[in-house]
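Peer 1: Below is a structure I'd like to ask you about.
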Amino acid sequence: MHFCGDFRTTYEKDIEILQTPTVRLGVAACLAFLVVFPYLVKGEYLWVGLQILIAVIGAVGLNILTGYTGMISLGQGAFFGVGAYTTAYMTTKLGLSFWVGVPAAGLVTAAAGMVFGIPSLRLKGLYLAIATLASQFILEWVFLRWEPVTGGSFGIVVPRPSIGGYVFESDRSFYYLVLAITVVMVLFAVNIVRTRTGRAFMAIRDHYISAEIMGINLFRYRILSFGISSFYAGVAGALLGHSLKFVTSEQFNIELSVAYLAMIIIGGLGSILGAIYGAIFMILLPKVLTVLTTKLTMLIPGAAGLAIAMEQGVFGLIIIFFLIFEPDGLAHRWKMIKAYWKLYPFSY
Amino acid sequence: MPLLRIDDINLSFGGVKAINGVSINVEKGSIHAIIGPNGAGKTSIFNCISSVYKPQRGAVYFEDRKVTGMKPDQVTHLGIARTFQNIALFHHMTVLDNLMLGRHQFMKRGILAGGIFLGPARTEEIENRKAVEDIIDFLEIEKIRKKPVGTLAYGLRKRVELGRALALKPKLLLLDEPMAGMNLEEKEDMARFIIDINEEWGVTILLIEHDLGVVMDISHRVSVLDFGVKISEGTPAEVANDPHVIKAYIGEDDDFLRDMEAR
């Protein structure tokens, strides 16, 4: 808390990400929690944590494209698939290691994203969304039909990574690997959006004609945004493949794309923190509902059928409520809470 | 050699002739105003200069380089900045970010350096921040530098937009109605800024403005447009006494014109 305000006297201080001791403490506490998390829970719950970390990478990537550059994409799910298949092919068929496969997955997906992003030069808003929907269907078709590479409907069995003879076989060890990658990628995204490239993206989102007259090459930055976003999707998809140890085309359908869009809308468009909150919310909520339903069934055995049927409905309902009462996303609500407590009890 | 040479441009949208054979020379170091009734084609000329529109005939030359046919962002790199009639700021970005965006072409670090941040990108951010802070001081907008532009009042937005154009360090500044919708005090401030930018920063200014009092006071040269045709040009005093101009603004009146000619 800052009773007299928060004074910064140099530009170096002014551009720090974590500006106050409270925030620094909070972030340190979060990271510490993430580190001890695998020892606090086990089994299915650790698996949920792993899924959240992977979803964070994907959501942050999509938010760079949709939230920061203002281009709606319905193809994020398919780009996950490109990443997963790339690393699967490289590790199993070419015999390369995970450490080559995952970066390659990012780069291949970035290239694919840039190609499918070309319509963005002409199309905007909902029309672009439909164009990216086409990329979703084209890629899904490729996953299913390009059998020599993707294994067709059988999919590919993927190994867990190893380093110097140590295999990340347990979920716990793999969790730490994913955690490290997620932290690095989130930090990278935070830095991108607060420097030159990120400002160009936001300018294109807010007023593209004016952005062009301010000297921004629209072609370059629109494609770049698709590239970065797909890179994140590719890495996330590759990690998903390695965590499931299995890659098949059904995992990367339109439902996944919509789920990611929902994450960033619920979390907050144009906010890295929002993408993180959205990912946590969207992965955690179904699990929480399942647990509640199980508890309820144990309590009132007669309501079992009804409770299970209600689960999906309640999920949808909660999302609708969030959109009505929290249209700017969880990140915005968090900002309001912080602003309130910052000057407590003298807030105005 | 004039800094900007608009050479006999023609622009039409379908059957509507927006600009019909207009030539204007803007001398280096001057404040040049374009005036004219609504729909005279003033903003269309600006759009031809910044290459948003491509004239069907004729061309625009800046420092003897042909601007027509370039892309808008390339024109900016030559040293032409502009503001818009209906403010075109980036509404969700802060004042500071808007101005920093103006520095885009002076910054070189791409995604990799930007993503790593520490090192070159950080140095570059701070260097450009200093340049932007000079503009913030000049325009007296220190208090709002961290506010999102969307939350600001109209007069302040106009000022921020001027700041964003200045951040481009232009040789030629195009101002499209910088004083529209302002009260007297705000107009005086804006006029002071424009004169300072011209005299102290040495920036050539081409402006469109409806407030004739301001135009006559601050500009060195005035061009008058009506229905896409240039009907008069000269010093403010010459233009003010030109019967064609009076006719365009006040309308036709035989007695009045006869009086004018008799004088």
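Peer 1: What are the pairs with Cβ atoms under 7 angstrom where one residue, in region B:59-86, is in contact (Cβ under 8 Å) with a residue 60 or more places away in the chain and the other, located anywhere, is part of a loop (DSSP other than H, G, I, E, B) and among the hydroxyl-bearing types (S, T, Y)? Sequence gap at least six, or different chains.
Peer 2: B:I80/B:S50; B:R82/B:S50
Peer 1: Would you check which residues across region A:195-221 are out of contact with any Leu (no Cβ under 6 Å at 6 or more places or on another chain), under 26 Å from A:V56 (Cβ atoms) and in a helix (DSSP H, G or I) and list them?
Peer 2: A:R196, A:T197, A:G198, A:A200, A:F201, A:M202, A:I204, A:R205, A:D206, A:Y221, listed by residue number.
Peer 1: Among the residues of region B:55-82, count how many are within 14 Å of another protein chain (Cβ to nearest Cβ) and not small (G, A, S). Walk me through it before giving the result.
Peer 2: Step one: list which residues in region B:55-82 are within 14 Å of another protein chain (Cβ to nearest Cβ), which gives B:67, B:70-82.
Then drop every residue that is not not small (G, A, S), which leaves B:67, B:70-78, B:80, B:82.
Of the residues in that region, 12 qualify.
Peer 1: Residues being within 22 Å of A:F98 (Cβ to Cβ) and either out of contact with any helix residue (DSSP H, G or I) (no Cβ under 8 Å at 6 or more places or on another chain) or modelled with pLDDT of 95 or more (or both): count how many of those fall in region A:240-251.
Peer 2: Of region A:240-251, the ones within 22 Å of A:F98 (Cβ to Cβ) are A:240-249, A:251.
If we keep only those that are either out of contact with any helix residue (DSSP H, G or I) (no Cβ under 8 Å at 6 or more places or on another chain) or modelled with pLDDT of 95 or more (or both) too, we end up with A:245-246.
Summing the residues that are within 22 Å of A:F98 (Cβ to Cβ) and either out of contact with any helix residue (DSSP H, G or I) (no Cβ under 8 Å at 6 or more places or on another chain) or modelled with pLDDT of 95 or more (or both) in region A:240-251 gives 2.
Peer 1: Which residues, taken from region A:312-338, are assigned to a helix (DSSP H, G or I) and surrounded by 14 or more Cβ atoms within 10 Å (Cβ to Cβ)? Outline the logic, then answer.
Peer 2: The initial filter retains those residues of region A:312-338 that are assigned to a helix (DSSP H, G or I), namely A:312-325, A:330-338.
Within region A:312-338, A:V314, A:F315, A:I318, A:I319, A:F322, A:L330, A:A331, A:H332, A:R333, A:W334, A:K335 meet the criteria.
Peer 1: For region A:62-112, which residues satisfy the criterion of being among the polar types (S, T, N, Q), in contact with a Phe, Trp or Tyr (Cβ under 8 Å, 6 or more places away or on another chain) and part of a helix (DSSP H, G or I)?
Peer 2: A:Q76, A:T87, A:T91, A:T109 - these are the residues of region A:62-112 that are among the polar types (S, T, N, Q), in contact with a Phe, Trp or Tyr (Cβ under 8 Å, 6 or more places away or on another chain) and part of a helix (DSSP H, G or I).
Peer 1: May I pose another question? Checking B:L173 against (1) assigned to a strand (DSSP E or B); (2) among the hydrophobic types (A, V, I, L, M, F, W, C); (3) surrounded by fewer than 19 Cβ atoms within 10 Å (Cβ to Cβ): exactly one of these is not met. Which one?
Peer 2: Every condition holds for B:L173 apart from (3).
Peer 1: Is it fair to say A:L261 is surrounded by 24 or more Cβ atoms within 10 Å (Cβ to Cβ), within 22 Å of A:L133 (Cβ to Cβ) and away from chain B (no Cβ under 14 Å)?
Peer 2: On the way: surrounded by 24 or more Cβ atoms within 10 Å (Cβ to Cβ): no; within 22 Å of A:L133 (Cβ to Cβ): yes; away from chain B (no Cβ under 14 Å): yes.
No; evaluated as a whole, the condition is false for this residue.
Peer 1: Select the strands (runs of 3 or more DSSP E) contained entirely in region B:197-263, then report the ones holding at least 2 residues which are surrounded by fewer than 18 Cβ atoms within 10 Å (Cβ to Cβ) and modelled with pLDDT of 90 or more.
Peer 2: Working: elements: B:204-208, B:221-226, B:229-234.
The qualifying strands (runs of 3 or more DSSP E) are B:229-234.
Peer 1: Among the residues of region A:87-129, write down those that are over 19 Å from the mean Cα position of the chain (by Cα) and of a type in the set (S, T, N, Q).
Peer 2: Scanning region A:87-129 gives A:T91, A:T92, A:S97, A:S120.
Peer 1: Restricting the search to region B:114-128, which residues are of a type in the set (G, A, S) and either facing chain A (nearest Cβ under 8 Å) or under 35 Å from the mean Cα position of the chain (by Cα) (or both)?
Peer 2: From region B:114-128, those of a type in the set (G, A, S) are B:114-115, B:119, B:121; that's our starting set.
Scanning region B:114-128 gives B:G114, B:G115, B:A121.
Peer 1: Among the residues of region B:133-162, what is the count of those that are in a helix (DSSP H, G or I) and at the interface with another protein chain (Cβ under 10 Å from one of its Cβ atoms)? Steps first, answer last, please.
Peer 2: Step one: of region B:133-162, the residues in a helix (DSSP H, G or I) are B:133-138, B:142-144, B:149-151, B:154-162.
Going one step further and asking which of them are at the interface with another protein chain (Cβ under 10 Å from one of its Cβ atoms), we end up with B:133, B:149-150, B:161.
Summing the residues that are in a helix (DSSP H, G or I) and at the interface with another protein chain (Cβ under 10 Å from one of its Cβ atoms) in region B:133-162 gives 4.
Peer 1: Could you please tell me which pairs satisfy a Cβ distance under 6 Å, a separation of 6+ or placement on different chains, a first residue in region A:113-128 that is assigned to a loop (DSSP other than H, G, I, E, B) and among the small types (G, A, S), and a second residue that is modelled with pLDDT of 90 or more and surrounded by fewer than 19 Cβ atoms within 10 Å (Cβ to Cβ)?
Peer 2: The qualifying pairs are A:G117/A:I223.
Peer 1: Give region A:148-200 a look and list any residue that's over 30 Å from A:I15 (Cβ atoms), within 21 Å of the chain's Cα centre (by Cα) and hydrophobic (A, V, I, L, M, F, W, C), or say none.
Peer 2: Answer for region A:148-200, where residues must be over 30 Å from A:I15 (Cβ atoms), within 21 Å of the chain's Cα centre (by Cα) and hydrophobic (A, V, I, L, M, F, W, C): A:F174, A:L177.
Peer 1: Within region B:93-113, which residues are within 25 Å of B:L162 (Cα to Cα) and more than 7 Å from every other protein chain (Cβ to nearest Cβ)? I'd like the intermediate steps shown before the answer.
Peer 2: So the first thing to find is which residues in region B:93-113 are within 25 Å of B:L162 (Cα to Cα), and the list is B:93-108.
Hits for region B:93-113 are B:T94, B:V95, B:L96, B:N98, B:L99, B:R103, B:F106, B:K108.
Peer 1: Among the residues of region A:202-212, is any more than 14 Å from every other protein chain (Cβ to nearest Cβ) and in contact (Cβ under 8 Å) with a residue 60 or more places away in the chain?
Peer 2: We begin by selecting, within region A:202-212, every residue more than 14 Å from every other protein chain (Cβ to nearest Cβ); these are none.
Checked region A:202-212: no residue is more than 14 Å from every other protein chain (Cβ to nearest Cβ) and in contact (Cβ under 8 Å) with a residue 60 or more places away in the chain.
Peer 1: Look at A:G164 and say whether it is at positive phi and either hydroxyl-bearing (S, T, Y) or out of contact with any helix residue (DSSP H, G or I) (no Cβ under 8 Å at 6 or more places or on another chain) (or both).
Peer 2: Numbers: at positive phi: yes; either hydroxyl-bearing (S, T, Y) or out of contact with any helix residue (DSSP H, G or I) (no Cβ under 8 Å at 6 or more places or on another chain) (or both): yes.
Considered against the rule, which asks whether it is at positive phi and either hydroxyl-bearing (S, T, Y) or out of contact with any helix residue (DSSP H, G or I) (no Cβ under 8 Å at 6 or more places or on another chain) (or both), A:G164 comes out as yes.
Peer 1: Considering only region B:58-124, give the helices (runs of 4 or more DSSP H) lying wholly within it that have at least 3 residues that are in the same structural domain as B:M179 (by TED's automatic domain parsing). Walk me through how you get there before you give the answer.
Peer 2: Details: elements: B:72-78, B:95-102, B:111-116.
So the answer is B:72-78.
Peer 1: Does B:F90 satisfy being on the phi < 0 side of the Ramachandran plot, in contact (Cβ under 8 Å) with a residue 60 or more places away in the chain and within 10 Å of another protein chain (Cβ to nearest Cβ)?
Peer 2: Spelling it out, it is not the case that B:F90 is on the phi < 0 side of the Ramachandran plot, in contact (Cβ under 8 Å) with a residue 60 or more places away in the chain and within 10 Å of another protein chain (Cβ to nearest Cβ).
Peer 1: Continuing with the same structure: Kindly list the number of the only condition in (1) under 30 Å from B:K187 (Cβ atoms); (2) surrounded by fewer than 19 Cβ atoms within 10 Å (Cβ to Cβ) that fails for B:L101.
Peer 2: (2)
Peer 1: Could you figure out which of (1) more than 21 Å from A:G234 (Cβ to Cβ); (2) among the aromatic types (F, W, Y); (3) surrounded by 15 or more Cβ atoms within 10 Å (Cβ to Cβ) isn't true of A:F154?
Peer 2: Answer for A:F154: the failing condition is (3).
Peer 1: With the structure loaded, tell me whether B:K42 is among the charged types (D, E, K, R) and either surrounded by 14 or more Cβ atoms within 10 Å (Cβ to Cβ) or touching a residue at least 24 places away in the same chain (Cβ under 8 Å) (or both) or whether it fails that test. Even if it seems obvious, please write down each step before you answer.
Peer 2: Values: among the charged types (D, E, K, R): yes; either surrounded by 14 or more Cβ atoms within 10 Å (Cβ to Cβ) or touching a residue at least 24 places away in the same chain (Cβ under 8 Å) (or both): yes.
So B:K42 passes the test.
The values are calculated or read from the model by the stated rules, or taken from the named source; none is laboratory data. Everything quoted here is computed from the prediction, not taken from an experiment. Glycine gets a Cβ as well: all are built from the backbone with ideal geometry, and neighbour counts include every protein chain shown.
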